[in-house]
1. Any chance you could look up the accessible area of B:Arg147 with a 1.4 Å probe, heavy atoms only, rounded to 10 Å²?
2. If you plug each phi of segment A:311-321 into the Karplus form 6.51 cos²θ - 1.76 cosθ + 1.60 with θ = phi - 60°, what whole-Hz ³J(HN,Hα) values come out, in order, with x for Gly and Pro?
3. Let's test the formula: R0 of 51 Å, r as the Cβ-Cβ distance of A:Asp53 and A:Lys89. What FRET efficiency results, to the nearest 0.05?
4. Calculated FRET efficiency, A:Leu149 and A:Val181, Cβ-Cβ r, R0 30 Å, to nearest 0.05?
5. What residues have an amide H closer than 5 Å to that of B:Phe4, excluding those fewer than 5 places away on the same chain, when H is modeled at 1.01 Å from N in the peptide plane?
6. What span do the alpha-carbon atoms of the protein assembly as shown cover on each of the three principal axes, reported in whole Å from largest to smallest?
7. Computed from the mean reciprocal separation of all distinct C-alpha pairs, what Kirkwood hydrodynamic radius does segment A:120-160 have, in Å?
8. Of all DSSP beta bridges in chain B, what percent run antiparallel (nearest 5)?
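The values are calculated or read from the model by the stated rules, or taken from the named source; none is laboratory data. If you're wondering where the values come from, they're calculated on a predicted model, not measured in any experiment. Note that each Cβ is placed from the backbone with ideal geometry, even for glycine, and that neighbours are counted across all protein chains shown. The accessibility values were calculated without ligands, DNA or RNA, using every heavy atom of the protein model including side chains. Shrake-Rupley method; radii C 1.70, N 1.55, O 1.52, S 1.80 Å.
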Amino acid sequence: MREFTDSDAKRRLMTGAVGLMLLATGFIVSVITGTVDISLGDMARIFAGVQTDGMYHVLMNIRLPRIITGAFVGVNLALSGAILQAVLKNPLADPGIVGVTAGAGLFAMAVMILLPSLTHLVPPAAFIGALVTSLVIYFLAYEGGAHSLRLILAGVALAAFLGAFMSCFTVLYSDRVQGTVNWMAGSLSGKSWIHVKMILPYTILGLFGAGIGARYLNILMLGDDVARGLGVSVERVKFLLTMLAALLAASAVSVAGLLGFVGLIVPHITRLIIGSDNRFLIPFSAVFGGIIVIFADTAARVVFAPYELPVGVVMAFVGAPFFLYLLSRSSRS
Amino acid sequence: MNFFACENLSAGYGRKEVLKNITLSFEKERITSVIGPNGSGKSTLLKCMGRLLKPSAGCVYLDGRSISAMTDSAIARSVGILPQSPNAPGDIPVHCLVAYGRNPHKKALSSFTKEDRETVEWAMHATGLEDKRFMRLGQLSGGERQRAWIAMALAQRPQILLLDEPTTYLDIHHQFEVLELLEKLNTSCGLTVVMVMHDLNLASKFSGRLIAMKEGQVVLDGCAKGVLTEENIFDIFRVKSRIVDMDGSRAAMYMGVA
Ligand SMILES: Nc1ncnc2c1ncn2[C@@H]1O[C@H](COP(=O)(O)OP(=O)(O)O)[C@@H](O)[C@H]1O
Ligand SMILES: [Mg+2]
């Protein structure tokens, strides 16, 4: 089948190979670096099950779940961003636009500050906050259809509104704010297998949903009228895909806190490399999302060791300048 | 035979009423052009007929069935519609755009069959885009891009194609290229075409029927000879003109508004 030009196919193959290599490299580097040095030999022996000392515990119960949680967080955020950028036909869209960040932030902050003894409620509270906020934004913006500009404006307005509540919390409970800083910046510190289990179902759902949705995303990018002309039930598809994106981002922030820039930048870079066809953009974004968070978290652990930075801080250090670069590029063209 | 019709159609945007009680029916295998001044409701009429806009009153019928009772994909298997200057990412290859036309024939998980592939081939062949299949939309000339969109709509295998100003922004060569393509599809495949046109002379040359709209109503409806007269053109567009008949086709020369 001559469905694609050779150069396209070659580029995808190359990108896929490089991606998998980076993923493997990131995984190994992340496993062996840290306060406890684990050699490649130790790693091999531990995975083979012949070495079961203290290092085994460090690797299997501390580093591995943290790496896997980080990878899934990256996958979910990147998928969420890729979906939203296509649905909103805006390459600068990210999960924050549908209120995930503001909603999760406010709910999680409320729990951390008002109920400091119930920190185990932070993930579900963030999750619910994110979903409720994105639903509210969707219905505020809906008027005979969900138009991207109205969605974006409603998202900005509601984020500012919820942000005001968060500012109130920081002022009124300034003594308790300290405990929220890590979460607000996005951190993978202390993630265990419980967190892997928490996020895994959404990663699976997201990969399936976005995989099926890719064809519809491609058609939505032709504009609502053309899409409807091609028999797509535009409003239903947009709603389902937006909610899938919200769900993915909600699951990620409920585990790792407000990790920004992944959902914005990963699909954007991926698009620059392999083009706007969502059948490829979606899976490649997922892989790159995992890679970027693994590398960023490794850097967060080791750059100022023994102190740890929240991974979100590293993402912002790298992501913000890159975002400005993308903006200047797009405004020039 | 009338297989596509609208009855007492009214529509608008929000509180603004644009179309007022329009009843029209279209015969199979003909080319019809809708003409009229800016803002007269031509695009709105086309959108209602292609169910992109829900009418506030009235109904659109396809083979005697109201389209409001049909699913989106069922309508799309019979009616293709191209809005005015559609937009797509510039990096889509032509064959991918054309393949999107198969969407109404597919379920969520069904794969691209041999029939799909053959239909896409046929659509690219019919529009003369075989050599351009791997070109990206952004690399095409305006006329080729318009042909690519038409190829996408053809891959739907519709019985009727609705086009909103398919020749606007094209130079005269590309205008003819697109219109001759539609004429060829009409004669060779029996495709019914309803299009919005601004150029009255091209509209009269290529369509058997002209529908003139003004302020949301159909004011004239008939063959080119009946509609394109000096008085009618002045009534609709407030432009003075002279009519020239030559080689069986009719053209207007515009003399100005004063
Ligand atoms: N999306 C819209 N929202 C509000 N008003 C619209 C919209 N589209 C068109 N209109 C109005 O409807 C009227 C008819 O528009 P249209 O059908 O596009 O005219 P035409 O295609 O004949 O130029 C115009 O007055 C226009 O301002
Ligand atoms: Mg118009």
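1. So the heavy atoms of B:Arg147 present about 30 Å² to solvent.
2. Per residue, the Karplus-derived 3J(HN,Hα) values read 4, x, 5, 4, 4, 5, 4, 8, x, 5, x Hz.
3. Values: r = 55 Å, r/R0 = 1.07.
That pair, A:Asp53 with A:Lys89, gives E of 0.40.
4. Working: r = 34 Å, r/R0 = 1.14.
About 0.30, to the nearest 0.05.
5. B:Phe26, B:Asp63
6. So the extents along the principal axes, rounded to whole Å, are 97, 55, 44.
7. 10.8 Å
8. 60 percent
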